[in-house]
Amino acid sequence: MRSDDLVPAEEICSLYKVERTFISSLYESGLIEIVTLERKEYVPCDHLRNFEKMMRLHKDLDINIEGLQAIHHLLDQVQKLQKQNVRLKNRLSLYES
């Protein structure tokens, strides 16, 4: 992974005004990834969208980490079902033509 694809965890804390423990909790729950380089922790850019979503749910709705895990799991399932639905519609359209 290239270093320009990483955002320092401390920078995320100051930018989003969150505690460092919140980022650690998200990492320990498997909701985001943390990469350690030269004893400094970074969050990959492709995990920032998920971090922002979880942070908003946590701050705005006061949802705890366990609730965030459940929401993340359900959103993943919905996304998989939507993809499966598109594939099935495409297969069905082959037979309808």
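Considering only the range 43-51, I want to know if a residue exists there that is surrounded by 10 or more Cβ atoms within 10 Å (Cβ to Cβ), in a helix (DSSP H, G or I), charged (D, E, K, R) and touching a residue at least 40 places away in the same chain (Cβ under 8 Å).
Within the range 43-51, one or more residues are surrounded by 10 or more Cβ atoms within 10 Å (Cβ to Cβ), in a helix (DSSP H, G or I), charged (D, E, K, R) and touching a residue at least 40 places away in the same chain (Cβ under 8 Å).
Which of the residues spanning the range 17-38 are in a loop (DSSP other than H, G, I, E, B) and either touching a His at 6+ places or on another chain (Cβ under 8 Å) or closer than 14 Å to Gln69 by Cα (or both)?
Across the range 17-38, the qualifying residues are Ser29, Gly30, Leu31, Ile32, Glu33.
Take Tyr95 and tell me if it is loosely packed, with under 10 Cβ neighbours inside 10 Å and of a type in the set (Ser, Thr, Tyr).
Taking the combined requirement at face value, the residue satisfies it.
Can you pull out the residues in the range 17-42 that are in contact with a Cys (Cβ under 9 Å, 6 or more places away or on another chain) and either surrounded by 12 or more Cβ atoms within 10 Å (Cβ to Cβ) or under 16 Å from Leu75 (Cβ atoms) (or both)?
Going through the range 17-42, the residues in contact with a Cys (Cβ under 9 Å, 6 or more places away or on another chain) turn out to be 19-20, 22-23.
Within the range 17-42, Arg20, Phe22, Ile23 meet the criteria.
Across the range 53-97, what is the total count of residues that are more than 22 Å from Thr21 (Cα to Cα) and not in a helix (DSSP H, G or I)?
Step one: list which residues in the range 53-97 are more than 22 Å from Thr21 (Cα to Cα), which gives 74-97.
Pick out the ones that are also not in a helix (DSSP H, G or I) and you get 97.
Total satisfying the criteria: 1.
On the basis of being in a helix (DSSP H, G or I), without any contact (Cβ under 8 Å) to a residue 60 or more places away in the chain and in contact with a helix residue (DSSP H, G or I) (Cβ under 7 Å, 6 or more places away or on another chain), does Ser14 make the cut? Lay out the reasoning, then the answer.
Working: in a helix (DSSP H, G or I): yes; without any contact (Cβ under 8 Å) to a residue 60 or more places away in the chain: yes; in contact with a helix residue (DSSP H, G or I) (Cβ under 7 Å, 6 or more places away or on another chain): no.
In short, no.
Just so you know, all these numbers are worked out from the coordinates, no wet-lab data involved. Keep in mind the model is a prediction, meaning the values are calculated, not measured. Cβ: placed from backbone, ideal geometry, glycine included. Neighbour counts: every protein chain shown.
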